[in-house]
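Down below is the structure, laid out as C-alpha cells.
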Amino acid sequence: MAQAASFPYAFFEGKIVLIEEAKVNIMTHALQYGTGVFGGIRGYVSAEKQSVNVFRLQDHYARFLQSLKILGKSFKYTHPELVEITLALAKKNNPQTDCYFRPLAYASSYELAPDLSRVDFEFAMYMLPLKEYLSTSKGLRLMITHWTRINDNIIPSRGKVTGGYINSSLARAEAVRHGYDDALLLTHDGHLAEGSGSNFFMVREGVLITSPKYADVLEGITRRTVLELAQDLKIPAEEREIDLTEVYIAEEAFLTGTAAQVAWIADIDGRPIGDGKMGPITSKIQQLFFDIVRGKERKYSEWLTKV
Ligand code: PMP
C-alpha cells in the first residue's frame, strides 16, 4: 500500500525547505548502516476543530535524546530547540487533518567504517496526514512471528534506532504474507515482547498486564499513558513477563503505539481472544484515550501542545 503524500515542507540541514529538496547523498553513513534515531509523534484535530493537539511532544523528544545518548552521541539541538522546530514546521504546513511527525537524527558523515565514534548527526523531519495505521475498530488478527525481538545487547531495543527496524520489517512482512494484520515478537527467552511497532497489553482475570521494560521492548509513550490511565480508572495493572500460552487464553488484548493508538486484538495465531469481541477494559481505555487526544478531557490537557 502506498503511503499518503507528505505535507509540502520538511526540516532539513538547519532550515525548513520543500520536501523535494530534503535529499541525502548515497554515501551517508545512516543510509549505509542504519545509524539513526527517530520518533513518531501524532497531531490530532481537536474536538471543536480549532487546533491540532500534538500528543506528549515533550516526552517524545526526551526519548529521542535518550536514544542518541544510548548511541553515545550528544546532539546539536537541545530539547527545547527540537520542540520549537516541530512547532515551526507544523505552523508552516498548517495541517487541517490528523497528522504524524517523523523526526530523524541521522549519521550524516560519509565515513566508511561502521563506527559511531567518528560520525556527526544531522536532524530532519517531515509530516504526513495520518488517520488509522492499524484498525482500532475491527479487531486485529496477529501472528507470533518466527523472528525474535532484538535483544538490548545486540541492537538497543529501548532506543528508537533506525537499524533496529529491520527486525520489525521482517516480522511484519512475515505476518502480512500469511494474511495477518501484524506480528507479535517474542524475546530470546520466549516471553512476549511487543508488536512490530507497538507495545502489547492483555487482560487476565481482570488484571491489565504488559511486558516489563526489561523484556526488550521500546519504552512506549502510549504504553506509559495506558498504565497511567489504568491507575486513574482503578483498573489493576501489572508490568511482568508474559508467557506465550498466556496470550492464547487472555480475556482481552490490545496494541498501543503512537501510530497504532489503542487497537484491540480479536485473534492471535488463529485463537480468538476472549469471545473475539472488544472487551470492557480495552473499550474503557480506548474511549478515554481518544477523548484525551481530541482535547475533551481537561484533566489531561498538559499532554497536549496546541498548534
Ligand atoms: N514498540 C516499537 C518497536 C515501536 O516502534 C513503537 C512506536 N514508536 C512502540 C513500541 C510504541 O511506542 P510509542 O507509544 O512511544 O509510539
- Task: Go through Ile26, Ser301, His60 and say which Cα lies farthest out towards the positive end of the charge dipole of the chain; charges sit on Cβ, +1 for Lys and Arg, -1 for Asp and Glu.
- Result: Ser301
- Helix 79-93 vs. the chain, principal-axis angle (Cα, 0 to 90°, nearest 10): 90
- Task: Run the accessible area of the chain with a 1.4 Å probe and give the carbon-and-sulfur part as a rounded percent.
- Result: 53
- Longest principal axis of the chain (C-alpha) makes with the long axis of helix 280-293 (C-alpha) an angle, in degrees to the nearest 10, of 30
- Item | Among Met143, Pro236, Ala259 the positive-end extreme of the charge dipole of segment 140-293 (Cβ point charges) | Ala259
- With Cα coordinates, the longest principal axis of the chain makes an angle with the long axis of helix 221-232, in degrees rounded to 10, of 40
- Task: Any chance you could check the Cα centroid distance between segment 102-136 and segment 168-197 for me, in angstrom?
- Result: 22
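Is there a quick way to get the dipole size of segment 181-253? I mean about its Cα centre, with the Cβ of Lys and Arg at +1 and of Asp and Glu at -1; what is the value in debye to the nearest 20?
So the dipole magnitude of segment 181-253 works out to roughly 200 debye.
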- Evaluate E = 1/(1 + (r/R0)^6) for Asn94 and Asp291, where r is the Cβ-Cβ distance and R0 equals 25 Å; express this FRET efficiency to the nearest 0.05. 0.50
- Ranked from highest to lowest mean number of other Cβ atoms within 10 Å per residue, what is the order of the peptides 88-99, 236-247? 88-99, 236-247
- Task: Might you report the magnitude of the Cβ-based charge dipole of the chain about its Cα centre, with Lys and Arg at +1 and Asp and Glu at -1, to the nearest 20 debye?
- Result: 840
- Starting with the highest mean, order 294-307, 172-185 by the number of other Cβ atoms within 10 Å, averaged over the residues of each peptide. 172-185, 294-307
- Note on the structure: Cα-Cα longer than 30 Å, checked against Lys92/Lys160; Lys15/Lys138; Lys91/Lys138; Lys69/Lys296; Lys284/Lys306, kept in input order, equals Lys15/Lys138; Lys91/Lys138; Lys69/Lys296
- Task: Mind putting a number on the dipole of segment 43-164 about its Cα centre? Charges go on the C-beta only, +1 for Lys and Arg and -1 for Asp and Glu, and I need it in Debye to the nearest 20.
- Result: 340
- Query: What is the packing order of peptides 134-143, 192-201, 219-228, 256-265, taking the mean over residues of other C-beta atoms within 10 Å and listing the highest first?
  - Reply: 192-201, 256-265, 219-228, 134-143
- Quote the FRET efficiency, to the nearest 0.05, computed for Lys277 versus Ile155 with a Förster distance R0 of 41 Å and r equal to the Cβ-Cβ distance. 0.65
- Task: Can you pull the one-decimal nm distance between simple spin-label points at Ile19 and Lys69, each 7 Å off the Cα toward Cβ?
- Result: 3.3
- Residue-averaged [θ]222 nm for the chain, counting only DSSP H segments that reach four residues, each worth -39500 (n - 2.57): -7500 deg cm²/dmol
- Query: Label Leu112 and Tyr214 with points 7 Å out from Cα along Cα→Cβ: what is the distance between them in nm?
  - Reply: 4.3
- Task: Pick out, from Ile221, Gly206, Val83, the residue whose Cα sits farthest towards the positive end of the charge dipole of the chain, with +1 on the Cβ of Lys and Arg and -1 on the Cβ of Asp and Glu.
- Result: Val83
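The values are calculated or read from the model by the stated rules, or taken from the named source; none is laboratory data. These numbers were taken from a predicted model, which means no experiment stands behind them. Every residue, glycine as well, gets a Cβ built from its backbone with ideal geometry; the counts of neighbours run over all protein chains shown. We work out accessible area using only protein heavy atoms, side chains counted, and drop any ligands, DNA or RNA first. Shrake-Rupley method; radii C 1.70, N 1.55, O 1.52, S 1.80 Å.
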